[in-house]
Amino acid sequence: MTKRSNQVAEYFLSLIREGAYQPNDKLPSLQEMARVLKVSKSTIREGLAALVAKGIIDVRHGSGYYVRPSKVAAKSMPEESPDLGQVLFVRQLLEVSAARLAAVNRNDDHLAVMAGCLARMQREDWEEALGADLEFHLAIAGASGNQVLEQVIGSLSQHTKATMKLSRAIAGTLADLHQKHWELYRAICDGDGERASQLMYVHLHDTAERMKILIPGTRLGDTESSGI
């Protein structure tokens, strides 16, 4: 049976292909999309996340979802797009361990890279801040000292970035998010592996809560009958 979120992705992809939404057009609000399609907002988020990951639409902090100028003519979506809850579940499995190892194995170069990412995360350019957020997490993986763990976390970058985009768009204010990253950085600086792993766990759990997704992959409020 096709997942409802995949149906949402296909629905909006077909509208974009047919020209109902042009490049740079803003999509309706989550509330409006959920009302029209008769599914939960978490289902809408997951469907749109697949299009975000493919570069077909973009999400802008405090503004909403927009059609991107490129890739709108993609012929089809993959049969199965990753469930955001499953992505966060895997991130939690991997990145909590990476944070613990990074606190033990990091060197001055690793810390300098992380500090640079944290500074860039606070810039007004939303795309640059988002890229710095992703690089910060990848830098932690690099500091773990485990090349296989680093490679596996790196292979998830596309899906990780999609969850970050949605989380930042929903967050409203990013001050708390920045603070949590600085606390994680300080724990790694201090060589406190237990605290670093705990902070990473809480960060990813809070991300799931913000996006109204339960780890591992059980979505909140997803009980309505589909109207698609």
Selected residue (only one of L214, L204, L156, L166 is at pLDDT below 95, open to solvent by 50 Å² or more (accessible area, probe 1.4 Å) and under 16 Å from L84 (Cα atoms)): L214
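Which residue, of A34, A20, is in a loop (DSSP other than H, G, I, E, B), out of contact with any Gly (no Cβ under 8 Å at 6 or more places or on another chain) and of a type in the set (A, V, I, L, M, F, W, C)? Steps first, please.
Numbers: A34 fails: in a loop (DSSP other than H, G, I, E, B).
That would be A20, the only listed residue that is in a loop (DSSP other than H, G, I, E, B), out of contact with any Gly (no Cβ under 8 Å at 6 or more places or on another chain) and of a type in the set (A, V, I, L, M, F, W, C).
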Can you tell me which condition L13 does not meet? The list is (1) in contact (Cβ under 8 Å) with a residue 60 or more places away in the chain; (2) in a strand (DSSP E or B), and all the others hold. (2)
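Taking segment 62-92 as the search range and keeping residues that are closer than 22 Å to E127 by Cα and in a loop (DSSP other than H, G, I, E, B), which one is modelled with the lowest pLDDT?
V72
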In segment 16-37, which residues are surrounded by fewer than 20 Cβ atoms within 10 Å (Cβ to Cβ) and either touching a residue at least 60 places away in the same chain (Cβ under 8 Å) or farther than 17 Å from Y66 by Cα (or both)? R35, V36
I need the full set of residues from segment 28-66 which are within 19 Å of the chain's Cα centre (by Cα) and farther than 26 Å from L177 by Cα, in order please. I56
Suppose we filter segment 38-58 for residues that are at pLDDT below 85, open to solvent by less than 20 Å² (accessible area, probe 1.4 Å) and outside any helix (DSSP H, G or I); how many remain? 1
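Kindly indicate the residue of segment 93-122 that is among the charged types (D, E, K, R) and at pLDDT 95 or above and also least open to solvent (accessible area, probe 1.4 Å) among those meeting that condition. Please lay out each step first, then the result.
We begin by selecting, within segment 93-122, every residue among the charged types (D, E, K, R); these are 95, 100, 106, 108-109, 120.
Now narrow it down to the ones that are at pLDDT 95 or above: 95, 100, 106, 108-109.
Values: E95: 5, R100: 97, R106: 63, D108: 124, D109: 114 Å².
Checked segment 93-122; the qualifying residue least open to solvent (accessible area, probe 1.4 Å) is E95.
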Does any residue of segment 177-189 turn out to be surrounded by 15 or more Cβ atoms within 10 Å (Cβ to Cβ) and modelled with pLDDT under 90? yes
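The values are calculated or read from the model by the stated rules, or taken from the named source; none is laboratory data. These numbers come from a predicted model, not from an experiment. Counting neighbours? That spans all protein chains shown, and the Cβs are built from the backbone with ideal geometry, glycine included. Side chains included, ligands, DNA and RNA excluded: accessible areas come from the protein's heavy atoms. Shrake-Rupley method; radii C 1.70, N 1.55, O 1.52, S 1.80 Å.
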